[in-house]
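Inspection log for the structure reproduced underneath, given as structure tokens.
The values are calculated or read from the model by the stated rules, or taken from the named source; none is laboratory data. Predicted, not measured: the structure shown is a model, and the values here were computed from it. Please note: Cβ atoms are built from the backbone with ideal geometry, for glycine as well, and neighbour counts cover all protein chains shown.
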Amino acid sequence: MRRREFIGLASGAAVFPLVARAQTSIAVIGFLDSGSPAGMADNLAAFRRGLGEAGLIEGQHFALEFRWAQGRYERLPDLAAELVRLPAAIMAATRSSAPALAAKAATATIPIVFQTGGDPVKDGLVASMNRPGGNITGVTRLSTALVAKRLGVIAELVPVAKRIALLVNPASPQTREQVLDLTEAARTRGLHIHVVNAAREQDLEAAFAASGQEGAQALVVGSDNLFIDRRETIVRLAKSHAIPVMYPERGAVAAGGLMSYAASLADSFRQAGLYAGRILKGAKPSDLPVLQPDKFDLVINMHTARELGLRVPPSLLASADEVIE
């Protein structure tokens, strides 16, 4: 073999160190999520798109192996251990810090890419945003940090609302932070917050009933997988109870919800897929800074606003990034 041919082959192997071990071998990407596949089609398509942007083809370079906790956070350590035993070449832990923490506890060697709505430094996932360190990096939407901003927007739309409900999942590790942030933001505005809990889809009807009994005039949906997976149920309940609701992601507004304020969920999955692809091609997680959103979108459904008899202030309408008629 000529030297030039040898160098070419060697450099090609370096490009795919994990996915080109043999023609019959492909890398397994372990996908760990604390929720369910419901409502995840767009996000999974975006994750695959990111892998494609990295130059990887499903079935040729990688295969996805899914583990869904179905809202039972206590199952995450066992599910993460299953992916380690496969073994997965890389693990993707999505939509909250809980799957990422379980993956981090399960392995110190398999690369981990998280996609979360929380603060990965505060949650103990990485040492810093720019230098994550170890075998883990990823993408954050900073969704949980926006709960106070969402309160401000819904208060502007419904200025008569003095009692506002916050819907949270008591099983989520990010609930406490959201409750504290919203309570403090409400205090500065002279508003009263009533927390309503739902750990399962079956709890949502009771949560909306409780908010009505407390006299809540608006509701903020906390950031949690359950509420993304069951967005259609929440939108239906909001309409039947005729209560203005602020959501943590655009998908609910597209499904008929009133409004949302957030970074793009699908794009954060695309970025996570791109990072997973780069790592499979040889990048080290410790060298990849945690990606953060540079844009948050306010989305308003005008049809739903009219159904609720709400007049959207011109200033709020002008600041909207998307208006659904």
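Among the strands (runs of 3 or more DSSP E) confined to region 84-191, the ones with at least 2 residues that are in the same structural domain as MET40 (by TED's automatic domain parsing) and under 30 Å from GLY282 (Cβ atoms) are located at 90-94, 112-116, 136-140. Among the numbered conditions (1) farther than 24 Å from SER211 by Cβ; (2) surrounded by fewer than 16 Cβ atoms within 10 Å (Cβ to Cβ); (3) assigned by TED's automatic domain parsing to the domain that holds LEU167, the only one that ALA320 does not meet is (2). With respect to SER211, determine if the residue is out of contact with any Asp or Glu (no Cβ under 7 Å at 6 or more places or on another chain), outside the structural domain of ALA108 (by TED's automatic domain parsing), buried (at least 16 other Cβ atoms within 10 Å of the Cβ) and more than 22 Å from PRO120 (Cβ to Cβ). Yes.
Quickly run through region 105-127 and pick out the residues that are under 30 Å from VAL220 (Cβ atoms) and either of a type in the set (Phe, Trp, Tyr) or surrounded by fewer than 24 Cβ atoms within 10 Å (Cβ to Cβ) (or both). Scanning region 105-127 gives PHE114, ASP119, VAL121, LYS122, ASP123, GLY124. For region 56-83, a residue qualifies if it is part of a loop (DSSP other than H, G, I, E, B), without any contact (Cβ under 8 Å) to a residue 40 or more places away in the chain and either hydrophobic (A, V, I, L, M, F, W, C) or in contact with an Asp or Glu (Cβ under 8 Å, 6 or more places away or on another chain) (or both), and the qualifying residues are ILE57, ALA69.
Each row is one residue, and each column tells you yes or no for (1) within 24 Å of ILE300 (Cα to Cα); (2) touching a strand residue (DSSP E or B) at 6+ places or on another chain (Cβ under 9 Å).
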residue: ILE164; (1), (2): yes, yes
residue: GLU177; (1), (2): no, no
residue: ALA198; (1), (2): no, yes
residue: GLN213; (1), (2): no, no
residue: GLU232; (1), (2): yes, no
